[in-house]
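The values are calculated or read from the model by the stated rules, or taken from the named source; none is laboratory data. All figures in this text were calculated on a predicted structure; none of them were measured in a lab. FYI the Cβ positions are ideal-geometry reconstructions off the backbone, even for glycines, and counts take in every protein chain you see. Quick note on the areas: whole protein, heavy atoms, side chains included, nothing else; ligands and nucleic acids left out. Shrake-Rupley method; radii C 1.70, N 1.55, O 1.52, S 1.80 Å.
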Amino acid sequence: MGKGKSIHALIILMFTQFISGGVTNTKGIVLDQVEKDLGLDMSQFGLVVFIFQLGFTLASVLIGYYTDKKGLRIMTIVGSIIMGIGFLGTGIAPNITFFLGFYMIVGFGLGSLGVASNAIVPAAYPEQQNRMFNLAMGVYGLGMVLFPQLLNYMFQFASWRYFYIGIAISLVLVILYITSVAFPDGKVEKINLKAFIPMLKDAQFVFLLFFLLFEVSAEVSFTNFFPVYLKSLELGGLSTAAKEDMVALILSLFSVFFMIGRLGVAYLTNYVNERIILIVFSAGSLLTVGISFLVATGFPYLFAGAGLFFSTLFPTATAFGTKLSKTGGSALGLIYIASGIGGGIAGYIVGLASEIFGNTGGFAVVLVFLALMLVTAFFMNGEKSQQGNSTSA
C-alpha cells in the first residue's frame, strides 16, 4: 500500500478515535445541561442512554456487513454522514422527542465509525496492527481527557447545542477529506450467525457475556450519571459552577487513570493470564467506587481512581472471548451485542432508580453491577471451555 494512503487512513482513524473518546466521556456532562434546557427528568435521562447504546449496538452489527460489501471508503463516509446528521439534529432539537430520535442516530453513527476505524488498521498497517491499535486507544483516551475540560470552559459562554453542531460541521470536513484523497481498501471479518450457537452452548462464553454485560452497565452508568450525582451532593457549600468544575476535573483524571491502566496492563498480560486480571481489576473497581461513596462529600476526587480499574476490563474480557471461539468476527459480534444490551438497559435502570430513590440511590446501582461483575469473573476459566480451541486463560 502506498505511503499516502496509509497516512490519510491514519489521520481519519485518529480523528474518529479522538471524537469518539471525547463524546463517550462527556455524555453525562451534556445531558446534565440538556436536563435544564429541555426539562429532562431522570427516567428520560436513562432513556437517552438506552437509545444511544441501542444505536451503537445496531451499527456494530450491521455496518460490518456493509463494509465488507461496499468497501471501507464508502462506509466511512456513510458513518460520517449518519453521525453528522445525528449531531446536527441533536444540537437543534426543540424538544425531548426530537432529541431522543437524533441521539439514537448519533449512537448509530459512532458505532459505524468505530467499525470502519477498526477495519482501517489492518488495511493500512497490516504489519503494525498492534502498535496502531494502541496508538488509536491513546488518542481515544486523549479525547476522554480533553473534552470534559473543553466543555466546562465552553459552558461559561455557550450552550451545549454549539458543541454538537460544531462536531457536525467538523464531520463535513472529514467527508470532503475522505472523498479527495487516496484511501485504502479494507474489509472486516464477517459475522456468522450460525457460529453464535456453539458459543452460546459454551458455559465459559456465556459467563463472558454476562461479565461484559455487567461491566459495560457499570461503566456506562458511572460516566453518564456521575455528573448529576456529584452535583446533587452538599460539598461544603460549593456553588453549582464550582461543582461543574469539579465534575470536569474528576472525569479528566478518571480518563488519565484509564489511559495509564490500559498501557500498563498491555505489558502485564505477558506475565499474568486474563482470568486473574479480570478478578483483580473487578475487585479493585468495586472497592474504589464503594469507598468513594463513603467519602464522597469529603473527598470526591477518589472516584477518579476507578478509571484505573475500569480501563482493562473490556479489552481483556474481549481477548478472553476471542480465544474461546474459532470465529473471531462472530465472537466480537456477540460481544458487542451483549455490551450494547448491558449499556442500554443499565442506563434505563439507573435513570428510573434515580427518579424513584434520588440521584444518590440511582448512582448506587453502579455498585450492584460491579458486584455482579466480580462474582461472574470467578466463574470464568478458559481451560474449561467446551469449544476445544481455547488457550489457557
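Please compute the modelled spin-label separation between Ile74 and Thr97, points set 7 Å along Cα→Cβ, answer in nm with one decimal.
3.6 nm
Going highest first, how would you order 229-242, 48-61, 361-374, 159-172 by mean Cβ packing within 10 Å? Write out the running numbers ahead of the final one.
Values: 229-242: 13.1, 48-61: 23.6, 361-374: 21.5, 159-172: 17.4.
With the highest mean Cβ count within 10 Å placed first, the list reads 48-61, 361-374, 159-172, 229-242.
Leaving out ligands and nucleic acids, note down the accessible area per residue over the stretch 234-354 with a 1.4 angstrom probe, in whole Å². It would help to have the intermediate numbers written out before the result.
Numbers: 4810 Å² over 121 residues.
Heavy-atom SASA per residue in the stretch 234-354 reads 40 Å².
7 Å from Cα along Cα→Cβ at both Asp245 and Val181: what's the point-to-point distance in nm?
Those two pseudo-labels are separated by 3.9 nm.
Quickly work out the Asp37-to-Ile291 label distance, labels modelled 7 Å from Cα along the C-beta direction, and quote it in nm with one decimal.
With each label placed 7 Å out from Cα toward Cβ, I get 3.9 nm.
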